[in-house]
Amino acid sequence: MSSSSPKGLSRIAANRLHKELKEWQMNPPAGFKHKVSDNLQRWIVEVNGAPNTLYENETYYLQVDFPENYPMEAPQVIFTHNPPLHPHIYSNGHICLDILYDSWSPAMTVSSICISILSMLSSSTEKARPVDNDRYVRNCRNGKSPKETRWWFHDDKV
Amino acid sequence: MAEPHNERNASSSVDSDLGNTTWDSGKQNAGSSSSGFDCNICLELAQDPVVTLCGHLFCWPCLYRWLRGHSTCHECPVCKALVEEDKLVPLYGRGNANSSDPRKKPPPTAYSDIPHRPPGQRPPPASPSSGQNHFNQHHAQSSGFNFMGPQGTGAPMAAARFGNFTFSAGFGLFPSLFGFQVHGFPDGNGFGPGYPFGFPMGFHGAARSYAPPAAVSDQQEAKLSRLLMFLGFIVFLYILFL
Ligand SMILES: [Zn+2]
Ligand SMILES: [Zn+2]
């Protein structure tokens, strides 16, 4: 039994992820699908752009990787494949969203992260990359995690 | 010895095969019915529960880890309000294995790195006559031992009032727990009206360091204690044989 729990997660983290997954299955956030896999430590979540927004009818994928001491530490959340064009989403999938970094709290869940990301998408008024996209992506070429970035957060409402 | 963590460990070893949809439905139901009392961090029914001044409920070990290890400025995980450890309120439910005699309580095992949960701040017993009381904090909050803590809540409290004499007694694990309130005592000796004696005499020494500045001398105190003991005993007999 315990051998099937991922090695990288603490017992507390695994318990909590089981719980979150169970709640997700009973009450998934609108616009998201969890892709069933055996890997508790990496969730792939399908995101569907909300109706009447710039991302309507578009599908994206989030990759959520949990650290060993989740939820004390934030998961790493990035878009895979073709990240949506958004002023806070870099072309390598990294997302400039404070709750994923400095403002993380252990009371947040994958579900609440997803809702924040969808609301960030939905409130966008232009499909564009961040102004510093090229410089940032170049800096991350060696596979740097967005959690290693020292982010400063734009105070606009996008 | 009923370890509260055993049950948790057992339930946590849920089959982690994610494709398996046969989650233990019994546990699910239990979870949803208790969800108002789930820890905001581990999402399970809070154990060693503490509540912040902003009203958010956590397991003490969960909150401790967050405050000491990971939070940037001791903020509440739910609402970001400042959380001060000495202002947390522990919750003592009924019939919980945790609420056995605190003197025998083992350290919260499985979390050997987590200290005891902070004790409750116990205000003096309520005075039925005076609207606003001006008691000093005078409870026995001695080193790590919270007298009216877990098991105090399990003991039924009886209170009776005769004229200007209020008597209350706690029955249960501490038969010696008497509370007296004598009204109309002369003010000259430092006892204001309605001065509460919420301690068993045996523990009085432990509480002395918390005595108000106007504390009377030991002699007077002992005399008064004996007098009150005697009065209490008479009232006790009165109740018993009425
Ligand atoms: Zn907890
Ligand atoms: Zn709060």
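The values are calculated or read from the model by the stated rules, or taken from the named source; none is laboratory data. Fair warning: this is a prediction, and the values are worked out from it, not measured in the lab. No Cβ is skipped: glycine too gets one built from the backbone with ideal geometry, and neighbour counts run over all protein chains shown. Remember, those area values only see protein heavy atoms, side chains included, never the ligands or the DNA or RNA. Shrake-Rupley method; radii C 1.70, N 1.55, O 1.52, S 1.80 Å.
Would you mind checking the tilt of helix A:110-122 against the longest principal axis of the Cα atoms of chain A, expressed as 0 to 90 degrees and rounded to 10?
10 degrees
Which residue fluctuates the most in chain A, going by a Gaussian network model with Cα springs under 10 Å, if the choices are A:Val36, A:Val137, A:Val64?
The residue with the greatest mean-square fluctuation here is A:Val36.
Which angle from 0 to 90°, rounded to the nearest 10, does the C-alpha axis of helix A:11-26 make with the longest principal axis of chain A?
Orientation of helix A:11-26: about 70 degrees from the principal axis.
Please find the FRET efficiency linking A:Gln25 to B:Gln121, where r is the Cβ-Cβ separation and R0 is fixed at 51 Å, and quote it to the nearest 0.05.
0.75
Mind checking the per residue accessible area of chain A for me, 1.4 Å probe, whole number of Å²?
Ligands and nucleic acids excluded, the result is 50 Å² per residue.
Give the value in nm², to one decimal: projected area of the alpha carbon convex hull of region A:58-98, averaged over all directions. Don't skip to the end; give the middle numbers.
On the way: hull surface 13.0 nm².
The Cα convex hull of region A:58-98, projected and averaged over all directions, gives 3.3 nm².
Could you work out how much longer the chain between A:Asn82 and A:Ser112 gets when fully extended? Use 0.36 nm per residue separation minus the Cα distance between them, nm to one decimal.
8.6 nm
Per residue, how big is the convex hull around the C-alpha atoms of region A:11-144? Give it to me in cubic angstrom, could you?
Taking only Cα atoms, region A:11-144 has a hull volume of 113 Å³ per residue.
Of the listed peptides B:115-126, B:225-236, what is their order by residue-averaged count of other C-beta atoms within 10 Å, with the highest listed first?
B:115-126, B:225-236
Can you tell me the length gained on complete extension of the stretch A:Asn48 to A:Asp102, counting 0.36 nm per residue apart and subtracting the Cα distance?
Values: separation 54, 0.36 × 54 = 19.44 nm, distance 2.65 nm.
Separation in residues times 0.36 nm, less the Cα-Cα distance, equals 16.8 nm.
Across region A:79-132, how large is the tail of the calculated P(r) beyond 20 Å, expressed as a percent of all Cα pairs?
Details: 317 of 1431 pairs.
Summing the P(r) of region A:79-132 above 20 Å gives 22 percent of all pairs.
Expected output is a single nm value to one decimal: the length gained when fully extending between A:Asn133 and A:Trp152, i.e. 0.36 nm times separation in residues minus the C-alpha distance. What is it?
Full extension from A:Asn133 to A:Trp152 adds 5.4 nm.
Measure off, as a whole percent, the carbon and sulfur share of the 1.4 Å-probe accessible area of region A:11-144, all protein chains present.
Here it works out to 48 percent.
Relative contact order of chain A: what whole-number percent is it, with Cα pairs under 8 angstrom and at least 6 residues apart?
Relative CO of chain A lands at 20 percent.
Which value, in square angstrom to the nearest 100, describes the accessible area buried between chains A and B on both sides, using a 1.4 angstrom probe?
Details: alone 9150 and 14550 Å², together 21200 Å².
So the total buried area for this chain pair works out to about 2500 Å².
Heavy-atom accessible surface, probe 1.4 Å, ligands and DNA/RNA ignored: which residues of region A:101-128 lose at least 40 Å² versus the isolated chain?
A:Pro106, A:Ala107
Taking chain A as a Gaussian network, where each spring joins two C-alpha atoms under 10 Å apart, which residue of A:Tyr55, A:Tyr70, A:Tyr136 fluctuates the most?
Result: A:Tyr136 has the largest fluctuation of those listed.
Quick check: pseudo-label points 7 Å beyond the Cα along Cα→Cβ at B:Thr72 and B:Ser225, how many nm apart are they?
Once both label points are built, they end up 5.3 nm from each other.
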